[in-house]
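The values are calculated or read from the model by the stated rules, or taken from the named source; none is laboratory data. None of the values given here were measured: they were computed from a predicted structure. Cβ atoms come from the backbone with ideal geometry, glycine included; neighbour counts cover every protein chain shown. SASA here: full protein model, heavy atoms, side chains in, ligands and nucleic acids out. Shrake-Rupley method; radii C 1.70, N 1.55, O 1.52, S 1.80 Å.
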Amino acid sequence: MHQLAVQLASRYQAVGATADFDEASQLCQKVLQLTDPKETHRTDTLHTLSCLLGYRHQRTRQTADLNQAIQYGQELLQVPALDAAQRASAMNHLALCLRKRFQEEASTPDIVEAVHFAREASVTCPEGDTNRTKYLDDLALLLFENHAAMDTQELLAEAMSVAHKAILDSPPCQADRMVLLTHLAKAHHVQYQRKGGVSDLEMAIRLYEDSKGLARPKSPEATSRSYSLGAAYLDRFRRTHSGADLKVAMKEASLAVYGTLADHPERADRLVGLGIVYRESYLRTGITSDLEEATRLFQAAVDSTDPTNAGWPGHVHHLGGAHLDRYIARTRGSSWELAARLVREAVDLTPADHLDQASRLETLAHIYKAGLPEDASSSDMAIQLFQEAVNASPPGHTSRASRLHNLGLEYEARYRKLRGPTDLATATRIFHDALHDAWSNIHARLAAGKDLTFLLAHAGDWNGATETAEVVINLMPSLTPVSLGYADKKRLLLQFGNFASDAAAIALNAGQSPFQALQLLELGRGILAGSLSELYTDVSELSQRHPDIAARYTRLRNEVDNRARSAETPRVVHQGQPDFTFASTAKIQANKFYEAGKAFEGISAEIRNLPGFQDFLLPPNEHMVKGAAEQGPLIAINTSRYRCDAILVTKNEIRALPLPSLQMGDIEGRIRRGEIGRLSTLSWLWKTVTSPILDALGYTQPFLHHDSGTSSWPHVWWIPTGSLSKFPLHAAGVYGDPAVKMGQSSSGPVPNQTVLDRVMSSYSTSIKTIIHIRSDSSTAVIATSGMGKVPGTAILLAMEITPNQPRLPHAKNEISHLIPLCTSMDLEPVIPVPLKEGVMSDLASGRCRIFHFAEHGHTDPVDALESYLCLGDSSTSQYGIEYERLKVADLWKLNLRDDGRPPPFLAYLSACSTGDVEDARSAQESIHLIGSFQGAGFRHVIGTLWEVNDALCVDMARLTYEELSKGDAENDEAVCKGLHMAMRELRGRWLQKILARAETIEETNSSRSLSQDGFPRKVMLCDDSDEEDGEATDVPFWIPYVHFGV
């Protein structure tokens, strides 16, 4: 009778026929009536009845069935005839039943009791019993869930210990091993979330991957592992901000949702998991369709979850958070009241000691902050909720610094309204705690540190502000590890804007040395370009002394750089059935990139432990900085709200020159009014910036002996910061007033009051860039022996007609002048078809020495990485209806320093605005076309700060190349000198024509002549005589040309 009941129970489990359940239940009841309590049949029957009720509960979700199953399980343990194996089996079965009730009712006593019985089962089980591994596995799972409910480190440690033991006991490839790996991965994942240890997160990902590898593709087990993997990669994204990790998280979470049946008990959790990834994508990109998809997924999870289910508060919280985002974004149909109601419900339903209560309190605080009037009561409410969120975040939690930062911001806001000294002191203390919370997310720590710096400066504590700024800037490399793609680095760095300049100014106010201020400036800006130049530091000495290590470093460097340049971080979105193959490929790439970055950082530290290489890849010391000024002074102009200074570096000293007349408001005002290129601005630059600097350096008189064949012009390097980088420092000077007629009464330019007449000028993004490029032994081959000594090509690009752009009638004429000049330098002129693929190939060929571009370009006003040079169309013809774009982002992907070949020498960008940055946040990183060509590997780049005249471009290029082609032009100095002499020549022509025509020139004609479409190198219409002369007569288009290089 019992055997028949067992068979019927098995069939009911598989098919679900009610008749099978009823008959099996009746048979079991008869056996219980007919057997003595001590008989073995009674033991087996109680177990069968308990299992049978459990099967029905899985289908009906009736609590009564589960309670009855637990009751039979407890009764089974009272049977005295149980042997050790039977008792262990009974206790483990009861533990699992109690676990099920805990999952549905969130009853903590149930999970505590379940752990007790599971422990007893693992201890009672006889040695050699094949079920021992399963009992250990179940115990680990229960300990993990008990920890989640009660948040005790002892439970988590025990769970990990038990799981490790079970894995060691289980044979490879067994199904139990797959489950154990998953449980252990979950334990490490929770350990990471609890303590922030990166090694735990890496171990969790590795174990999840191993577990999924044992599962059959597209099976329920594989789907479950995809859900866990998605959550782990999302946590790594939150730590690294790598778009590659977010992409993998999206794909894995999508696989989990699309592989889960509609009635699966975990479908709601997986919908939430995918929704969280979409919300992170929205927070990263601002694309509202991602937010709408997240909201839809959260709503679907709520709709499919019973309000009594333990997961209900979490699902409601995420839905409320999405509605908060919709309210802040002013999305149609958004409702603050709905967001507040949902999150308040989640908070009320969550036990105070639950791990997720902190995040729910934090969301509720943001809701009150966003929707209530800004008064004392709303501020007090936000502070109370943020404080509760901090209190609920255990020390070491990865989000603790973020919650501290939010709390500190509220105290600071209340201080600025009410001026209470207690609020100021509290905000200061909280920001300090957040900055120094070592286990927390680095981005949150840096944000808190930045605010603490400014708060201390506001209070006049310059020493404290300087100490804090040093901590922040020294932590910034952790924000952008070598394994992070350049687009992701740029996105993170832009959030810190002008901080390095403010830090340098604060240090000077604190009485720190000019070198210490310069160090802060150098470490905190130009990080993106600096990471490239540092990667390709000269390793020739390392190769001689430690060839094996040098070879390993070079291999890892190339792997990291190639991956960083090629890493794309587009909008992460997925519609429809996920691509399993793509998910696997993206995951492999993300992990290889991450591991390569770790290995590179490891070998860099290994090299620094070698004798004589202790400074390897570290910032330059004071001696190295002074050495960089051997060929001429380096002038870092720091602009800040606190003060403006020039830090002057010569081979003998580093000193700070205050610039009291230079104010941030004046800089921004001239930009806002479009006055950058006006003659009045050149005069203002001279009086406030360049004249005091040149006088301090001893360049007080014009350089009279400037015959290019016999002279050696003084050479300075300008390193402007922030928005000042838009201004033509090299052209600053006092010129005749253009508002009066030019003639006998006109003063013209005053020779003693122009930069062009005292020194020749180069620019650089930083001093460390100059040091790294000069130290590269491969580039020094060209610099010392000349381009002609290294066989190569001059790539010359010109397009008279570009689709949808103004015609450039002089572009081809410009190239025709350069062909014989390049030939005279022993370079082979190459005029390629102006298509992106071919141009990129020519640049990367290893033979390019000069790249000359005479076409249109565009500066993107929002994203500097999207600025581009216009090329032909690959889909129709080179003059088709559209044009290709050679973007800054494309140039970052080039690696022109590879394989030991000399990198290209000069990029001449004869287009407009190639050195301009419309996005003010990108100014500190110098993310423009000129900087991108330098980052790609060019030693020198000539470009422009704004629009230039098509006709004048011909003369500027011809005169510059004529100087280059002379006998003394076979070195670095020749590039700057060539452009300098060309500018002086064209400036002279401009002045002569103004005097000759004796016409009144309105100052507005000396402006940049900006237009709405923003396309560079526009045609400037002139009369016929001007067209024949090859230049416009009254607009000083010689001004915006600049040289970046060594």
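What net charge do the residues around THR295 carry, taking every other residue with its C-beta under 13 Å from that of THR295, with Lys and Arg at +1 and Asp and Glu at -1?
Numbers: positive: ARG279, ARG296, ARG326, ARG332; negative: ASP290, GLU292, GLU293, ASP303, ASP325.
My count for the surroundings of THR295 gives -1.
What distance in nm separates the two pseudo spin-label positions at ILE671 and ARG59, each 7 Å out from Cα along the beta-carbon direction?
A separation of 7.1 nm, rounded to one decimal place.
Below 15 angstrom from the Cβ of PRO307, what's the summed charge of the other residues (Lys, Arg +1; Asp, Glu -1)? All intermediate terms of the calculation are to be shown ahead of the outcome.
On the way: positive: ARG61, ARG341, ARG344; negative: GLU104, GLU105, ASP303, ASP306, GLU345, ASP348.
Surrounding charge for PRO307 is -3.
Quick one: which residues, 5 or more positions from THR802 or on another chain, have an amide H under 5 Å from its amide H? H modelled 1.01 Å from N in the peptide plane, none for Pro or chain starts.
Under 5 Å from the amide H of THR802: LEU808.
Where in region 127-148 does the label zone of HIS116 land, with the point 7 angstrom along Cα→C-beta and an amide N cut-off under 19 Å?
139-148
Each residue of region 931-943 in turn: what ³J(HN,Hα) in whole Hz from Karplus with 6.51, -1.76, 1.60 and θ = phi - 60°, glycine and Pro shown as x?
Each residue's phi maps through the Karplus curve to give x, 6, 5, 5, x, 6, x, 6, 6, 10, 9, 10, x Hz.
Roughly what would the spin-label model give for GLN3 and HIS436, points 7 Å off Cα along C-beta, in nm?
Rounded to a tenth, the inter-label distance reads 7.5 nm.
State which entries of LYS369/LYS450; LYS195/LYS247; LYS247/LYS369; LYS247/LYS598; LYS598/LYS626 exceed 30 angstrom in Cα-Cα distance in the structure shown.
Details: LYS369/LYS450 22 Å; LYS195/LYS247 25 Å; LYS247/LYS369 32 Å; LYS247/LYS598 20 Å; LYS598/LYS626 33 Å.
Long pairs (Cα-Cα over 30 Å): LYS247/LYS369; LYS598/LYS626.
Could you go through region 618-628 in sequence order and give the Karplus-derived ³J(HN,Hα) for each residue, using 6.51 cos²θ - 1.76 cosθ + 1.60 with θ = phi - 60°, rounded to whole Hz, and x for Gly and Pro?
8, x, x, 7, 4, 5, 5, 5, 5, x, 5
Based on the mean of other Cβ atoms within 10 Å per residue, sort peptides 443-451, 241-249 so the most packed one is first. Present the calculation step by step, with values, prior to reporting the outcome.
Details: 443-451: 23.7, 241-249: 26.3.
Packing proxy ranking, top to bottom: 241-249, 443-451.
Give me, ordered by chain and number, the residues 5 or more places off HIS852 or on other chains with an amide H under 5 Å from its own placed amide H.
ILE795, LEU796, LEU797, TYR908
Would you please give the FRET efficiency between ILE603 and ASP842, computed as 1/(1 + (r/R0)^6) with r the Cβ-Cβ distance and R0 = 35 Å, to the nearest 0.05? All intermediate terms of the calculation are to be shown ahead of the outcome.
Working: r = 33 Å, r/R0 = 0.94.
The computed FRET efficiency comes out at 0.60.
Taking 0.36 nm per residue of separation and subtracting the Cα-Cα distance, what length does fully extending THR152 through GLU630 add?
Numbers: separation 478, 0.36 × 478 = 172.08 nm, distance 6.22 nm.
Working it through step by step, the gained length comes to 165.9 nm.
Taking a spot 7 Å from the Cα of ASP36 along the direction of its beta carbon, which residues of region 53-90 have an amide N less than 13 Å from it?
80-81
For region 269-330, state the average projected area of the convex hull of the C-alpha atoms over all orientations, rounded to one decimal in nm².
Numbers: hull surface 14.5 nm².
Taking the Cα atoms of region 269-330, their convex hull projects to 3.6 nm² on average.
If we count every other residue with Cβ under 11 angstrom of THR453's Cβ, Lys/Arg +1 and Asp/Glu -1, where does the sum land? Let's see the in-between values first.
Working: positive: LYS450; negative: ASP451, ASP461, GLU467, GLU470, ASP502.
Result for the local shell: -4.
Any chance you could look up the accessible area of THR754 with a 1.4 Å probe, heavy atoms only, rounded to 10 Å²?
0
Compute the Rg to Rh ratio over region 78-198 from the alpha carbon atoms, using the Kirkwood formula for Rh, and round to two decimal places.
Working: Rg = 14.4 Å, Rh = 14.6 Å.
Radius of gyration over Kirkwood radius for region 78-198 works out to 0.98.
Under 10 °C and 1.306 mPa s, how fast does region 1-85 diffuse according to Stokes-Einstein, given a Kirkwood radius computed over C-alpha pairs? Answer in µm²/s, whole number. Could the numbers behind the result be given before it?
On the way: Rh = 12.9 Å.
My calculation gives 123 µm²/s for D.
Place the peptides 633-639, 232-238, 603-609, 646-652 in order of packing, highest mean first, counting for every residue the other Cβ atoms within 10 Å and averaging per peptide.
Numbers: 633-639: 26.3, 232-238: 23.1, 603-609: 14.6, 646-652: 19.1.
Top of the packing list down: 633-639, 232-238, 646-652, 603-609.
Just to be sure I understand the model, the point goes 7 Å from the Cα along the line to the Cβ. What's the resulting ASN621 to THR18 distance in nm?
My value for the distance between the label points is 8.7 nm.
Beyond 20 Å, what percent of the Cα pairs of region 606-684 remain? Kindly include the intermediate steps, with their values, before the conclusion.
Numbers: 1723 of 3081 pairs.
Of all Cα-Cα pairs in region 606-684, 56 percent lie more than 20 Å apart.
Considering the Cα positions of region 196-339, please state its Rg to one decimal place and its Dmax as a whole number of Å.
15.5, 47
Once phi is turned into ³J(HN,Hα) by the Karplus curve 6.51 cos²θ - 1.76 cosθ + 1.60 with θ = phi - 60°, what whole-Hz value does each residue of region 800-806 show in order, with x for glycine and proline?
Those phi angles translate into 5, 10, 10, x, 6, 10, x Hz.
With r defined as the distance between the Cβ atoms of GLN78 and GLU127 and R0 fixed at 35 Å, what FRET efficiency is calculated, to the nearest 0.05?
Working: r = 26 Å, r/R0 = 0.74.
For GLN78 and GLU127, the calculated efficiency is 0.85.
Please state the shape class of region 289-400: rounded when a/c is under 1.5, otherwise prolate if a/b exceeds b/c and oblate if not, all from the C-alpha gyration tensor. Walk me through the intermediate numbers first.
Numbers: a/c = 1.81, a/b = 1.11, b/c = 1.63.
Because a/c hits 1.5 or more and a/b fails to exceed b/c, region 289-400 counts as oblate.
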